[in-house]
């Protein structure tokens, strides 16, 4: 790791049209101090890619800075609390949703237990060191002077980068009690950077973990009345976002940190409940459901999607409530009948609780509901329409389902381990052959061959279940036909088959 990387980046950045505003600012306000701050400084020191450009501008009053920026592009104030200006320079194309974040130096005084409870004070004369002192972790509390190239690092963040250490700025208990969401951020950065957490910081995380979702009474004056209500010290939306980012960065370490810190039983008690839930040894010699889940997260492909990582974590959460044992229920072995369907319903509730996006929720619920698809049947025996629906109509979902199946096989030990892996390989081979046939035949939809209107006209029936039944049989026939002949059947051939 070399500081030259950052200096070189500053030189290149200064030459881009994107930064013309900074040169103009220095001309109009020679006393201006322009600092690059936050994650971009950290990532450039590490040699990591980073696109977020955050700046702190010193020695220029807020009104004058705002007026200056509005003449040179679009400016949007981000909330009334933090006063950050999102700036898009004129004549510059940025990626959708991207902008430069520009702020004055500020201090924050905690007025309550939560990230909203701060009194913000802006002061263009405030030293940059004071601005950095309010930040959460030392690796995020560095700044680079755009003019001199000097690295401002009052809390030894660069040394912590070299040591691969996550440590709070000043006392951990003070940083976390100001804003308990910082606990989740510390875990996230530990996973994103692959760093260890400094001992005092870790002890404070474990101590204050229960505070994350602690209910508190809040008072606010509105319309000349004092209103009170309860809310969590950290909103569920923030918890969900931080958890998903952490899981996406390093799945098995995320689960380990959430578990050992005590956060797992607070945020995801359904996963905590997987511990000590015994499984049939003939299929799961690796251990209980929790151990199996840890292995599954470890065996995920490196390029696995967020939804696949979350589905892997939650795929067996239906097992505790569906477990049947020989001693208690008189079955021949430990069973978890319909745990996939029960788990899918539980997952939807969990995703809603974490305020996750609708699309991720739908995908994860679908994956969990279908993750036992190949256990009870061979792919060759499945309806061809099912193969098309799951693995051709939606390639991404289909690939995720196959990857979840592979992860399950790799993480389940016992006499049937090699048999399970062989079955997985045969399944993938078969599906790839069917996909290849569709690609060769250049088929994307069957609507040009047959649809509901054609079925109703040919068979003289009204809208209803019978139409769907016949279309399902048509789908099976067409898929099978394409697999064998690498081309589409004619409408006449499909109708003759249905008749």
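Looking only at region 9-37, count how many residues are at pLDDT below 90, closer than 19 Å to residue 86 by Cα and outside any helix (DSSP H, G or I).
1
Looking at (1) under 21 Å from residue 403 (Cβ atoms); (2) modelled with pLDDT of 95 or more; (3) surrounded by fewer than 20 Cβ atoms within 10 Å (Cβ to Cβ), which is the one condition that is false for residue 259?
(1)
Going by what's in this entry, would residue 370 be described as touching a residue at least 12 places away in the same chain (Cβ under 8 Å), within 30 Å of residue 494 (Cα to Cα) and outside the structural domain of residue 475 (by TED's automatic domain parsing)? Steps first, answer last, please.
Numbers: touching a residue at least 12 places away in the same chain (Cβ under 8 Å): yes; within 30 Å of residue 494 (Cα to Cα): yes; outside the structural domain of residue 475 (by TED's automatic domain parsing): yes.
Yes: the conditions hold for residue 370.
In region 437-482, which residues are out of contact with any helix residue (DSSP H, G or I) (no Cβ under 9 Å at 6 or more places or on another chain) and closer than 24 Å to residue 396 by Cα?
The first filter runs over region 437-482 and keeps only residues out of contact with any helix residue (DSSP H, G or I) (no Cβ under 9 Å at 6 or more places or on another chain), leaving 439, 442, 445, 447, 453, 457, 460, 464-465, 469.
Selection gives 439, 442, 445, 447.
Might you check whether a residue that is crowded, with 19+ Cβ neighbours inside 10 Å, assigned to a helix (DSSP H, G or I) and touching a residue at least 12 places away in the same chain (Cβ under 8 Å) occurs anywhere in region 326-340? Lay out the reasoning, then the answer.
Going through region 326-340, the residues crowded, with 19+ Cβ neighbours inside 10 Å turn out to be 334, 336, 339-340.
Next, only the ones that are assigned to a helix (DSSP H, G or I) stay: 339-340.
From the residues that got through so far, the ones that are touching a residue at least 12 places away in the same chain (Cβ under 8 Å) too are 339-340.
Among the residues of region 326-340, at least one is crowded, with 19+ Cβ neighbours inside 10 Å, assigned to a helix (DSSP H, G or I) and touching a residue at least 12 places away in the same chain (Cβ under 8 Å), which makes the answer yes.
Residue by residue through region 474-499, note down the ones that are over 21 Å from residue 431 (Cβ atoms) and assigned to a helix (DSSP H, G or I).
Passing the criteria: 491, 492, 493, 494, 495, 496, 497, 498.
Restricting attention to region 361-388, and to residues there that are in contact with a helix residue (DSSP H, G or I) (Cβ under 8 Å, 6 or more places away or on another chain) and closer than 15 Å to residue 479 by Cβ, which single residue is surrounded by the fewest Cβ atoms within 10 Å (Cβ to Cβ)?
380
Exactly one of (1) assigned to a loop (DSSP other than H, G, I, E, B); (2) modelled with pLDDT under 90 is unmet by residue 419. Its number?
(1)
Out of the residues in region 164-175 that are touching a strand residue (DSSP E or B) at 6+ places or on another chain (Cβ under 9 Å) and modelled with pLDDT of 95 or more, which is surrounded by the fewest Cβ atoms within 10 Å (Cβ to Cβ)?
Within region 164-175, the subset touching a strand residue (DSSP E or B) at 6+ places or on another chain (Cβ under 9 Å) is 164-169, 174-175.
Still in the running and modelled with pLDDT of 95 or more: 164-169.
Values: 164: 13, 165: 21, 166: 26, 167: 25, 168: 25, 169: 22.
Only one residue fits best here, namely 164.
Is region 38-52 home to any residue that is under 16 Å from residue 146 (Cα atoms) and either assigned to a strand (DSSP E or B) or not assigned by TED's automatic domain parsing to the domain that holds residue 94 (or both)?
No: zero hits.
The values are calculated or read from the model by the stated rules, or taken from the named source; none is laboratory data. From a predicted model like this one, the values you see are computed outputs, not experimental measurements. Backbone-built Cβ (ideal geometry, glycine too); neighbour counts: all protein chains shown.
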